[in-house]
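Below is one structure, written out as structure tokens, with a few remarks after it.
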Amino acid sequence: MDVLAVTLALLAALANGAASVLQRRAAVDQAACALADDAPDAHRTVRHAVRRAVRLVRRPFWLAGASALGLSALLQAAALAVGSMVVVQPLMASELLFTLLIGTVVFRQRPGGRTWLSFLMLGAGLTLFLTAAGPSPGESTGEAGTWLFVGACAATAVAALLMVARGARGTARVASLGCATAVCFACTAGLVKETAGRIQDGTAAVLTTGYPYALCVVGLLSLALLQSTLHAGTLAVSQPALTLGDALVSVVLGAVLFGERIALEAHVLQAVTGACLVAAGTVGLSRSPAVAEHWDTTATPPCEHPTDRDR
């Protein structure tokens, strides 16, 4: 395995976990301020909604979280540029581990024993799977014809999942949306790798291809679907679909598009054990109050409105 790619992927997951926690902390602080608002009907006005949004984005925690999110995107792109999808994307699942660790500090809460057990299962599972798989790097770019085939298959799969979600309720709806989002995230990662692989041909040459534009479209679609997934139901259902679906589809895309391979012949049992531990750890952490529930209900600092002087 490429040590640089692994390091960059883990740093990207760390930054992503930090972004989730920091922006959640900003939202919690903002909610506390909303409760302290003097006007009981103010929350129903457009002016108040805009004011709250401005206050949110001016909070240090929110700004730090946004910066961490941008850094995560850059680190993931760098990891995909130097490494394979079958290594980078599964490692992004470690975001849950970093979310837990950073959350314990930011929210000053102590997770229970089951949460730490899930933490260890996910970490051990990733280690077992990646060391057993022995992934081999493929090509830095794919063939245009293969991309068209993959794009058609992905679009069909996403459309089918969205149709299922439209007619479903509860867990089935959340799981369908989560799987559709996972497919889009995996395709986004593939397009990032493809675009990065073509940079050596020059920026002008890259811009004459359709990959950067497809990346923008699929990336925005991924974010939109993610918001729909998160609003549709509990993280305990959506997170496993997102995390495991992204990793699985990414492994397939890495093999089909870039010729990446995993060698399981000598370590099948270890790889299967690792995959099972990853699945169990992901589900366990997603159901943990430390990740899925409102463990961020600790006392926040006194409410201070950054824009109060403008009111």
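Read the figures in this text as sums done on the coordinates, not as results from a lab. As the structure is a computational prediction, the values presented were derived from the model and not from experiment. Note: ideal-geometry Cβ built from the backbone for every residue, glycine included; neighbour counts use all protein chains shown.
Overview of values
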| read-out | value |
| --- | --- |
| Residue exposure sequence - HIS231, HIS267 - by fewest surrounding Cβ within 10 Å | HIS231, HIS267 |
| Neighbour-count order for ARG108, ARG59, fewest beta carbons within 10 angstrom listed first | ARG108, ARG59 |
| For region 118-169: rounded, prolate or oblate by the Cα gyration tensor [a/c cutoff 1.5] | oblate |
| Neighbour-count ranking [beta-carbon atoms within 10 angstrom, fewest first] of GLU143, GLU260 | GLU143, GLU260 |
| By average C-beta atoms within 10 angstrom, highest first, the peptides 132-140, 277-285 | 277-285, 132-140 |
| Peptide ranges 175-181, 248-254 listed from the most packed, as the mean C-beta count within 10 angstrom indicates | 175-181, 248-254 |
| Order by protection proxy (mean Cβ within 10 Å, highest first), peptides 189-200, 70-81 | 189-200, 70-81 |
| Computed lengthening from LEU74 to LEU223, 0.36 nm per intervening residue step minus Cα-Cα distance | 52.0 nm |
